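Beneath this line is the structure, given in structure tokens, with notes to follow.
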């Protein structure tokens, strides 16, 4: 199969996969508490369906989706709801947010479910509904509600190609690799479900060419399944080849235009962990209550891939990996390139958590002295989205946010390639993240201002209309009062005529 090359990228990143990938996946025990932030996905936060004191079972829906872009949340074990209050959440801001806390009872009782072993008997819309109700979001880190990606019933576009993203390009993270080694048959069955939903003509499972044993596992699973529409493809190990648009370009040569989504060019791309979750939701009837997470780094004693209940506090996972080492310097959710630091280890893992990196000072650069830009252009050469990081930096730094937006700032995937190659050690991604946040705030404020203005103008128009109506009623009243004497005379004359007729009638009879 022919492959294409996307712009830029880093072909020589130290992988650090062997530290965690060689041990089998281990099921993490149920912790004493499970903590569920109500916003674990892109879109609106979920709305609690439980109250303090309620008993719940594993798989029970404890919070429901609000609006189209949202996802429900399910209990990861049986227990009692003890708190519905703010708690620290995994977010770069370090803020707290509303969370549901469940005190587990140690019984791990499960809610009865409805599996659909013969998924072909269901329509595409019925399967999408199962995915939606299972609370499945993108497990590669984006956390976008998966049902929206799959729902093409109300759209005119046709999906020709399904891409399964098994390109785990960021250093240290190996959860998808381990999943494909151990549960490849489930993933392939999940691909069949997706083909049935989308009506795609072909499916590619992309695996990097540095994991030959994983590629063989996938090939064996495809052969056992016998579906000729599914193919495994080895792709070059270049960071960030696992980025959605970069992977699409590598496999098809097509570029997703700025502002568009892959479905607009007939492609859907889904992470293999998400595919596994879809298979479990449909075939086993299990909503998303757990996921595989890599716990690694020089700061943890035994790096490992764990099957973890969503909502588990991070300190429980560190303990399972035999605790911290003396080298532990920083706790990061995600990898060293796109992850973010956490305030403490009491924060829970969420649906988007694919890695907990306990980094030493040698593994991440905690401080670096930025120097003036020398305009070398290395950042532009490394950018996989073909942006102009130097110009974006100047506009972001000088608060010329609209100019940065016109240079497609929001196309930046924050991969960190520009940071790595910058000889002046300028934290470019930090500037871009700030500019994006500032623009979002500005756009939100403008939107709110526009709404307020429209409401004010509507109120002024209503008041003017009411005033005009009152003036018209007053005019009519005055006109009526002005004509009152003439009316009175007419009425008196009419009464007099009536009396005269009656009197005449009486006289005639007499």
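Each reported figure results from applying straightforward, stated rules to the coordinates on display, with no laboratory input. As the structure is a prediction and not an experimental result, all values here were calculated from the model. Quick reminder, even Gly has a Cβ in these numbers, built from the backbone with ideal geometry, and neighbours come from all protein chains shown.
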Zero-based 10 Å bins, Cα pair distances in region 378-435, whole percents
28, 61, 11
Using Cα atoms only, what is the angle between the long axis of helix 124-133 and the major principal axis of the chain, expressed in degrees (0 to 90) to the nearest 10?
80 degrees
Stretch residue 254-residue 301 to full length: gain in nm at 0.36 nm per residue minus the Cα-Cα span?
12.6 nm
Please determine, in degrees from 0 to 90 and to the nearest 10, the orientation of helix 428-482 with respect to the longest principal axis defined by the Cα atoms of the chain, where the helix direction is its Cα long axis.
10 degrees
Rounded tilt (10° steps) of 272-283 against the dominant C-alpha axis of the chain:
70 degrees
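Return the FRET efficiency for the residue pair residue 400, residue 109: r is the Cβ-Cβ distance, R0 is 45 Å, and the value is rounded to the nearest 0.05. Could the numbers behind the result be given before it?
On the way: r = 58 Å, r/R0 = 1.28.
The value I calculate is 0.20.
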Return the percentage of antiparallel bridges among DSSP beta bridges fully within the chain, rounded to the nearest 5 %.
60 percent
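Give the calculated FRET efficiency between residue 360 and residue 340 to the nearest 0.05, with a Förster radius of 22 Å applied to their Cβ-Cβ distance.
In this case the efficiency is close to 0.80.
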Calculated P(r) of the chain - Cα pairs past 32 Å, %
51 percent
Residue 480 to residue 447: extension gain in nm, 0.36 nm per residue of separation minus the Cα-Cα distance?
7.0 nm
Starting from the Cα of residue 503, step 7 Å along the direction of its Cβ; do the same at residue 182; then give the gap between the two resulting points in nm.
11.6 nm
16 Å cut-off, amide nitrogen to a point 7 angstrom out along residue 69 Cα→Cβ, residues in region 258-279
259-264
Residue list for region 156-170, given a label point 7 angstrom along the Cα-to-Cβ vector of residue 1 and an amide N cut-off under 16 Å
160-168
Output the peptides 301-307, 318-324, 132-138 sorted from most to least packed, where packing is the average of other Cβ atoms within 10 Å over each peptide's residues.
132-138, 301-307, 318-324
Residues listed by number, region 62-103, amide nitrogen under 16 Å from residue 437 label point at 7 Å toward C-beta
89-97
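Report the extension gain between residue 322 and residue 408 in nm, rounded to one decimal, defined as 0.36 nm multiplied by the number of residues separating them, less their alpha carbon distance. Kindly include the intermediate steps, with their values, before the conclusion.
Numbers: separation 86, 0.36 × 86 = 30.96 nm, distance 4.51 nm.
Extra length available between residue 322 and residue 408 comes to 26.4 nm.
Would you please give the FRET efficiency between residue 228 and residue 12, computed as 1/(1 + (r/R0)^6) with r the Cβ-Cβ distance and R0 = 60 Å, to the nearest 0.05?
Numbers: r = 37 Å, r/R0 = 0.61.
Result of the calculation: an efficiency of 0.95.
Arrange the peptides 343-349, 356-362 so that the one whose residues have, on average, the most other Cβ atoms within 10 Å appears first.
Details: 343-349: 18.7, 356-362: 21.1.
So the peptides 343-349, 356-362, ranked by packing, come out 356-362, 343-349.
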If packing is taken as the mean number of other Cβ atoms within 10 Å per residue, what is the order of 490-496, 279-285, 241-247, 124-130, highest first?
241-247, 279-285, 124-130, 490-496
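At 222 nm, what value in deg cm²/dmol follows for the chain if DSSP H runs of at least 4 each add -39500 (n - 2.57) and the sum is divided by all its residues, to the nearest 500? Show your work: numbers first, answer last.
Working: 15 runs with 190 residues, N = 510.
The per-residue figure over the chain is -11500 deg cm²/dmol.
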Pairwise centroid distance, computed over Cα atoms, of region 89-151 with region 223-289, Å:
18 Å
Region 39-139: relative contact order as a whole-number percent, Cα under 8 Å and 6+ apart
25 percent
